[in-house]
Amino acid sequence: MPLTGKRILVGLSGGIAAYKSAELVRRLKERHAEVRVVMTESAKSFITPLTLQAVSGEPVSDALLDPAAEAGMGHIELAKWADLVLIAPASANTLARLAAGLADDLLTTLCLATPASLAVAPAMNQQMYRHPATQDNLATLARRQTLVWGPAQGAQACGDVGPGRMLEPMALVGLVEQHFAPKAQPLAGIKLMLTAGPTREALDPVRFISNHSSGKMGFALAQAAAELGAEVTLVSGPVSLATPAGVQRLDVESAAQMHAAVMAGIDRQQIFIACAAVADYAPKTVASHKIKKTAADTMVIELTKNPDIVANVAALPNKPFTVGFAAETRDVEKYARDKLDRKKLDMIAANNVAMAGQGFNSDDNALTVFWPTGQTELPLAGKTELARHLLTLIAEKYHDTH
Ligand code: PMT
């Protein structure tokens, strides 16, 4: 029984799907999980605490400032007790409160106080689900590693049809089991370095040349590599992203600094992935004071070539398994294969950065991956999921050749 002894805190917020939560609790208990239930005020309009107490066999908590509850298992203790907090149903309002980091009732306070993983099963009207505010809140939560399970599509209690139905209890139980299942770690013991984000090439103390890379793809790869057991060093250009758990991060600004940071640590690495959008050229001179506007209508900036980091790594005598990226706007295969050969890479992941909704600074991407003897498509997906697929492929090809 994969859930034996696992401590699952099921949170209910207000929504018609709350009636399914009793079944969810029952199924988790059947699998020998320890389950505690926390309800918001509005959840109690849809299902009674007594029903959930009966199926969980434990008192249901619903108030933040309840002396009786604090004398037993207080809210901080409950937050520390949980191995997983699963909010099902998660209403639009509760998602908004979580995204804002509010602690205005027991459930949201627990979510801030718990070191456990948080999963949400959204349930709401399809129009509310599609609203940009809800989508932004879900994206914020996903960025903070909250697991978003569902919603399902279909007919809704209000008569609408569309996305917003809470996943069925057995589907949620399956996801809980998957969450606790031991993960395969094909990169255990492997040292992996990667570059991410843009570089900035200074013109003067206040101006620079850069690009639209957000670092999302590279950070997702760093997270996926750490999840697969690798010892990860992430060399990052200037981005505003949190460092994934267990990853060592080195911050740099320019291509020259990124090159120096990579070269200083590359001899210890078995795998290198170049995901950064490195500027190919930098201004030949950097003015020591702000460049002044002149009467002339044009200005010429002389540029000089930056070192090619991935090509330099691939040219090392004891080179690591080296993976490049190719950001192309046309003839993707032709240019990607050319980079694979010219830079002597083991693999290259090509993305079409001219396609809307993928590539630079978006949450999704699609890749065509080439290696000397083959290629495969990794279709459009969130960057976190895509990174897992790419790292699994890299692990497979690395082990084939080592
Ligand atoms: O950061 P995001 O917003 O999530 O966007 C992700 C991404 C689009 C930046 C990413 O998926 C991507 O395509 N990264 C590579 C961008 C790029 O610079 O591609 P390129 O085709 O110009 O370069 C080819 C390869 O050489 C890349 O691996 C690049 O890191 C490397 N390179 C390039 C120049 C240089 N001086 N040194 C390098 O190492």
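Among Trp81, Trp149, which is surrounded by fewer than 19 Cβ atoms within 10 Å (Cβ to Cβ), closer than 25 Å to Gly174 by Cα and at pLDDT 95 or above? Explain how you work it out, then say what you get.
Numbers: Trp149 fails: surrounded by fewer than 19 Cβ atoms within 10 Å (Cβ to Cβ).
Going through Trp81, Trp149 in turn, just one is surrounded by fewer than 19 Cβ atoms within 10 Å (Cβ to Cβ), closer than 25 Å to Gly174 by Cα and at pLDDT 95 or above: Trp81.
Scanning region 358-372 turns up no residue that is over 19 Å from the mean Cα position of the chain (by Cα) and among the charged types (D, E, K, R).
Residue by residue, here is whether (1) part of a loop (DSSP other than H, G, I, E, B); (2) touching a strand residue (DSSP E or B) at 6+ places or on another chain (Cβ under 8 Å) holds:
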residue	(1), (2)
Val232	no, yes
Lys292	yes, no
Ala295	yes, no
Ala311	no, no
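Can you list residue pairs whose Cβ atoms sit under 8 Å apart, with the first residue in region 276-302 being within 30 Å of Phe219 (Cα to Cα) and the second being hydrophobic (A, V, I, L, M, F, W, C) and in a loop (DSSP other than H, G, I, E, B)? Count only pairs 6 or more apart in sequence or on different chains. Partner pairs satisfying both residue conditions: Ala277/Phe360; Pro283/Ile301.
Restricting attention to region 131-146, the residues being surrounded by 16 or more Cβ atoms within 10 Å (Cβ to Cβ) and either outside any helix (DSSP H, G or I) or of a type in the set (Phe, Trp, Tyr) (or both) number 1. Val252 satisfies every condition listed in (1) within 14 Å of the ligand (Cβ to nearest atom); (2) within 19 Å of Lys383 (Cβ to Cβ); (3) in contact with a Gly (Cβ under 8 Å, 6 or more places away or on another chain); (4) among the hydrophobic types (A, V, I, L, M, F, W, C) except (2).
Here Arg268 clears all of (1) surrounded by fewer than 16 Cβ atoms within 10 Å (Cβ to Cβ); (2) in contact with a Leu (Cβ under 6 Å, 6 or more places away or on another chain); (3) not polar (S, T, N, Q) except the condition numbered (2).
For residues in region 216-242 being among the hydroxyl-bearing types (Ser, Thr, Tyr) and within 15 Å of the ligand (Cβ to nearest atom), which is farthest from Asp308 (Cα to Cα)?
The residue in question is Ser240.
Is it the case that some residue within region 255-266 is assigned by TED's automatic domain parsing to the domain that holds Ala225, of a type in the set (A, V, I, L, M), more than 13 Å from the ligand (Cβ to nearest atom) and touching a helix residue (DSSP H, G or I) at 6+ places or on another chain (Cβ under 8 Å)? Walk me through how you get there before you give the answer.
Here is the first cut: in region 255-266, the ones assigned by TED's automatic domain parsing to the domain that holds Ala225 are 255-266.
Narrowing further to those that are of a type in the set (A, V, I, L, M): 255-256, 258, 260-264, 266.
Among the residues that remain, those that are also more than 13 Å from the ligand (Cβ to nearest atom) are: 264.
So of that shortlist, the ones also touching a helix residue (DSSP H, G or I) at 6+ places or on another chain (Cβ under 8 Å) come out as none.
The answer is no, given that none of the residues of region 255-266 is assigned by TED's automatic domain parsing to the domain that holds Ala225, of a type in the set (A, V, I, L, M), more than 13 Å from the ligand (Cβ to nearest atom) and touching a helix residue (DSSP H, G or I) at 6+ places or on another chain (Cβ under 8 Å).
State all residues of region 103-121 that are touching a strand residue (DSSP E or B) at 6+ places or on another chain (Cβ under 7 Å) and assigned to a loop (DSSP other than H, G, I, E, B); if no residue qualifies, say none.
Let us first name the residues in region 103-121 that are touching a strand residue (DSSP E or B) at 6+ places or on another chain (Cβ under 7 Å), namely 106-107, 110-111, 114, 116-121.
Residues satisfying the conditions are Thr114, Ala116.
Please find, within region 313-339, the residue that is nearest to Ala256 (Cα to Cα) out of those that are more than 12 Å from the ligand (Cβ to nearest atom) and in a helix (DSSP H, G or I). Here the residue is Arg337.
Quick grid of which residues meet (1) surrounded by fewer than 16 Cβ atoms within 10 Å (Cβ to Cβ); (2) closer than 19 Å to Ile8 by Cβ; (3) among the polar types (S, T, N, Q):
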site	(1), (2), (3)
Glu41	yes, no, no
Ile47	no, yes, no
Gln53	yes, yes, yes
Ser61	no, yes, yes
Ala100	yes, no, no
Thr108	no, yes, yes
Cys111	no, yes, no
Pro122	no, yes, no
Tyr129	no, no, no
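Restricting attention to region 275-300 and to residues that are among the aliphatic types (A, V, I, L, M) and within 16 Å of the ligand (Cβ to nearest atom), the residue that is farthest from the chain's Cα centre (by Cα) turns out to be Ala282.
Of all residues in region 340-357, those satisfying the criterion of being at pLDDT below 95, out of contact with any Lys or Arg (no Cβ under 9 Å at 6 or more places or on another chain) and more than 8 Å from the ligand (Cβ to nearest atom) are Met355, Ala356, Gly357.
Please verify whether Ser213 is near the ligand (Cβ under 8 Å from one of its atoms), among the hydroxyl-bearing types (Ser, Thr, Tyr), assigned by TED's automatic domain parsing to the domain that holds Asn351 and over 13 Å from the mean Cα position of the chain (by Cα), treating the condition exactly as stated. Taking the combined requirement at face value, the residue satisfies it. Residues that are in a strand (DSSP E or B) and acidic (Asp, Glu) within region 234-256 comprise just one, Asp251.
Tell me yes or no: at least one residue of region 161-182 is among the small types (Gly, Ala, Ser), away from the ligand (no atom under 16 Å from the Cβ), in a strand (DSSP E or B) and farther than 27 Å from Leu9 by Cα. Give the steps one after another, and end with the answer.
Taking region 161-182 and keeping what is among the small types (Gly, Ala, Ser), we get 162, 164, 171, 174, 181.
Keeping just the survivors that are away from the ligand (no atom under 16 Å from the Cβ) gives 162, 164, 171, 174, 181.
Checking which are in a strand (DSSP E or B) leaves us with 162, 164.
When the remaining residues are screened for being farther than 27 Å from Leu9 by Cα, the result is 162.
Within region 161-182, one or more residues are among the small types (Gly, Ala, Ser), away from the ligand (no atom under 16 Å from the Cβ), in a strand (DSSP E or B) and farther than 27 Å from Leu9 by Cα.
The set of residues in region 340-361 that are over 17 Å from Asp280 (Cβ atoms), in contact (Cβ under 8 Å) with a residue 24 or more places away in the chain and in a loop (DSSP other than H, G, I, E, B) comprises Lys344, Asp346, Ala354, Gly359, Asn361.
The values are calculated or read from the model by the stated rules, or taken from the named source; none is laboratory data. Predicted model only: the values in this text are computed from it and were never measured. Neighbour counts are summed over all protein chains in view; Cβ atoms, including those assigned to glycine, are modelled from backbone coordinates with ideal geometry.
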